[in-house]
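Beneath this line is the structure, given in structure tokens, with notes to follow.
The values are calculated or read from the model by the stated rules, or taken from the named source; none is laboratory data. The shown structure was predicted, so the numbers you read here are calculated from the model rather than taken from an experiment. Cβ coordinates were reconstructed from backbone atoms using ideal geometry, including for glycine residues, and neighbour counts include every protein chain displayed. Ligands, DNA and RNA are excluded from the accessible area calculation, which covers all protein heavy atoms including side chains. Shrake-Rupley method; radii C 1.70, N 1.55, O 1.52, S 1.80 Å.
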Amino acid sequence: MIFLKGRIRAPLMTAAAVVFYLWAFGASAQLSEASSECLDCHSLATPGIVSDWKGGVHSSTAVGKALQKSGKALKVSSVEIPEAVKGFVVGCAECHMSRKPSPDSFEHNGRQVKLVPTPEDCAVCHAAERDQFGQNLMSHAYGNLMSNKLYAELIDSINGLMEYSGGALKGAAATMEANADSCLGCHGTRLKVTGMAERETDYGDFTFPTLEGWPNQGVGRVNPDSSLGACTACHPRHGFSMKLARTPYACAKCHTGPDVPAAKVYSVSVHGSIYYASGDKWDLEAVPWTAGEDFKAPTCAACHVSLVVDAEGETAAERTHRMNDRLPWRIFGLPYAHPHPKSPDTSVISVAQGEGKLPLPTNLTGERATEFLIDAKEMEARKNNMLRACRACHSQDWVDGYYGRFEKTIEYSNAMTRTAADLLYKGWETGAAKGPAQGNGIFNDTLEIKWVKQWLFYANSTRFASAMMGADYGVFADGRWKLSSNLREMEDEIAIKEALNNIYGPFPAPGKTEENKKTNRE
């Protein structure tokens, strides 16, 4: 091996790399020359990464061999795969060097290496999954959050630094770092190349791109090549395990908090109980995935993603990476549950609100922007997609009864949110809170915070508990009890401020001097 400043020359696979690879995988594995050069150094420089890759299917199965599978067992979806790729396993070069250079590419050991592989790189073999994910709300998660002015206001109210000054709380806009460390950890950041930096390593001095927004594995990450998403959000690098993606742990990273408590509800459901008791004995890598044989109860993937068949091999659910193919309702993240949007880019949606528009699929009192939402026919088709998956294990009567109960819960939770909106308007009218009519936002006052909790935490939790057989979580944890008690607290908040106004007159805006406050009361 020849060491040069900023470069290591390894034109052919060295003896050390050959010995390592044959020891690890056996003589039948085929590694490209470019990937062998990477392993020559990285088996020592980043052994954890190499070990992780070694344990995954990419390292041991050549693409051509994977293509020999047929029917439901075939996992490679691309029709046209370069001949130069088919003869090798998927190694470092096949992900980091297989396509044309992008803004984050850099010269490394005589080759152009891409720092951040994206769904476009995965699409060399998994084009259908790339296309499906691109039509998924998740792929647009960054823009759907950050391009929405109302959500941006909510983010600032949560993440912005707050100070008490001049007799009032004052909040600043959230920093990029604060957002990346919170909301954008799941939604994804925007990755931008900001320059190049030289780094000293054990193998010489190298120059690498510097990235704004990195590190991040969010589902809606905006990549340097302008593609959207990160396959590694569900299939963590560098093993890219389907087994891990089929466990509830893969989804729990982002679906645990009170705003989207799917993992918590699953953990107390019957399905969750069965998984945690016996899931270590299931076959989480079988393709297709046979209900009752390979797994005994659904995980998130069984309901939303995976190719599921029954004991006779008949398809219960098609494989899809467009998660809403089986979802007629969008039940979290917004004031009201509503039919799924037609487009994964929800930043285009607006709805009438008074004399203006709101960048939401519903306004504050629940009226829907129907032109942006799927119609009843499409809702029925998606519902049937989900129910077919359910019927792989359950009878028709069971499925119909449970789903009917869930849709009643949607009606109930939306109605309880509407009641909170009525109280919010009452508070704005009486001066118990200051809303848009007073030139204020809608996420600042105590009454407004309670309104947000009503839909963002309690209505969401109630719906998830109903949808996922986690009834107890939908009562006292963050469910129906909270929906009811929160309305009482909102009513009390208004009554207390009205009573104070009757005694002392309207309170001045925060930040007035003590002298002005005294004068106002007198």
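Kindly report, to the nearest 10 Å², the accessible surface of residue 482 as traced by a 1.4 Å probe over protein heavy atoms only.
About 60 Å², rounded to the nearest 10.
Using only Cα atoms, find the angle between the long axis of helix 396-430 and the longest principal axis of the chain, and express it within 0 to 90 degrees, rounded to the nearest 10.
50 degrees
Under a point spin-label approximation (7 Å from Cα along Cα-to-Cβ), what is the residue 496-residue 81 distance to one decimal in nm?
6.5 nm
How big, in percent, is the set of alpha carbon pairs in the stretch 108-207 lying more than 23 Å apart? Let's see the in-between values first.
Details: 2606 of 4950 pairs.
Within the stretch 108-207, distances greater than 23 Å cover 53 percent of Cα pairs.
7 Å from Cα along Cα→Cβ at both residue 312 and residue 164: what's the point-to-point distance in nm?
Output for this residue pair reads 7.0 nm.
Suppose R0 equals 22 Å; then what is the FRET efficiency for residue 471 and residue 415 from their Cβ-Cβ distance, rounded to the nearest 0.05? Working shown, then result.
On the way: r = 19 Å, r/R0 = 0.88.
The formula returns an efficiency of 0.70 here.
How are the C-alpha pair distances of the stretch 312-380 spread across 10 Å bins, as whole percents from the shortest bin up?
19, 45, 22, 9, 3, 1
Over all directions, the average projected area of the alpha-carbon convex hull for the stretch 28-100 comes to how many nm²? Please report the intermediate quantities before stating the final value.
On the way: hull surface 22.0 nm².
With the hull built on Cα positions only, its mean projection is 5.5 nm².
At 1.4 Å probe size, with the rest of the protein present, what percent of the exposed accessible area of the chain is carbon and sulfur atoms? Kindly include the intermediate steps, with their values, before the conclusion.
Values: 14620 of 26030 Å².
Ligands and nucleic acids excluded, carbon and sulfur give 56 percent.
When we measure straight from the Cα of residue 114, which lysines land under 28 angstrom away, once same-chain ones fewer than 8 places off are left out?
Straight-distance partners of residue 114: 5, 54, 65, 75, 86, 100, 192, 243, 253.
Find how much the distance from residue 293 to residue 446 grows on full extension, using 0.36 nm per residue of separation minus their present alpha carbon separation; answer in nm with one decimal.
Details: separation 153, 0.36 × 153 = 55.08 nm, distance 5.19 nm.
Extra length from residue 293 to residue 446 when fully extended: 49.9 nm.
Just the number please: accessible area per residue for the stretch 341-430, 1.4 Å probe, all protein chains included, in Å².
Details: 4720 Å² over 90 residues.
Result: 52 Å² per residue.
Looking only at Cβ-Cβ distances, which cysteines of the chain have no other cysteine closer than 4.7 Å?
41, 95, 122, 125, 183, 231, 234, 303, 390, 393
Would you mind giving the average projected area, over all directions, of the Cα convex hull of the chain in nm² with one decimal?
Result: a mean projected hull area of 28.5 nm².
At a Förster radius of 41 Å, what calculated FRET efficiency corresponds to the Cβ-Cβ distance of residue 381 and residue 194, to the nearest 0.05?
Values: r = 45 Å, r/R0 = 1.11.
The calculated FRET efficiency here is 0.35.
To the nearest 10 Å², what's residue 242's accessible area with a 1.4 Å probe?
50 Å²
Express in whole angstrom the spacing between the alpha-carbon centres of the stretch 153-170 and the stretch 277-306.
Using only Cα atoms to place each centre, the spacing works out to 46 Å.
Taking the simple approach of a point 7 Å from Cα along Cα-to-Cβ for both residue 33 and residue 348, what is their distance in nm?
The two pseudo-label positions are separated by 4.7 nm.
What does the accessible area of residue 259 come to, in Å² to the nearest 10, when a probe of 1.4 Å is used?
About 60 Å², ignoring ligands and nucleic acids.
Once the Cα atoms of helix 149-159 and of the chain are each reduced to a long axis, what angle between those two axes, in degrees from 0 to 90 to the nearest 10, is obtained?
The answer is roughly 90 degrees.
What number results when the radius of gyration of the stretch 216-288, computed over Cα atoms, is divided by 2.2 N^0.38 Å?
The reported ratio for this selection is 1.28.
What do you get for GluC sites (Glu not before Pro) in the stretch 60-138 restricted to DSSP loop and a cutoff of at most 12 other Cβ within 10 Å of the site's Cβ? Don't skip to the answer; put the middle values down first.
Details: sites: 80, 83, 94, 107, 120, 129; in loops: 80.
Qualifying residues, ordered by number: 80.
Along the Cα-to-C-beta direction of residue 273, a point sits 7 Å from the Cα; which residues of the stretch 294-324 have their amide N less than 16 Å from that point?
296-298
If you average the alpha carbon positions of the stretch 331-385 and of the stretch 215-274, how far apart do those two centres end up, in angstrom?
Rounded to whole Å, the Cα centres lie 24 Å apart.
Taking the 0 to 90 degree range and rounding to the nearest ten, how far is the long axis of helix 33-45 tilted relative to the main principal axis of the chain, both from C-alpha atoms?
Once rounded, one gets 70 degrees.
Accessible area per residue, 1.4 Å probe, Å², for the stretch 72-215: what's the number? All intermediate terms of the calculation are to be shown ahead of the outcome.
Working: 7610 Å² over 144 residues.
Per-residue value: 53 Å².
From the helices alone, meaning DSSP H stretches of at least four residues, give me the mean residue ellipticity at 222 nm for the chain, per-run term -39500 (n - 2.57), in deg cm²/dmol to the nearest 500. Don't skip to the end; give the middle numbers.
Numbers: 23 runs with 213 residues, N = 522.
My calculation for the chain gives -11500 deg cm²/dmol from helical runs alone.
Below 8 Å between Cα atoms, with a sequence gap of 6+, how large is the relative contact order for the chain in percent?
Over the chain, the number comes to 12 percent.
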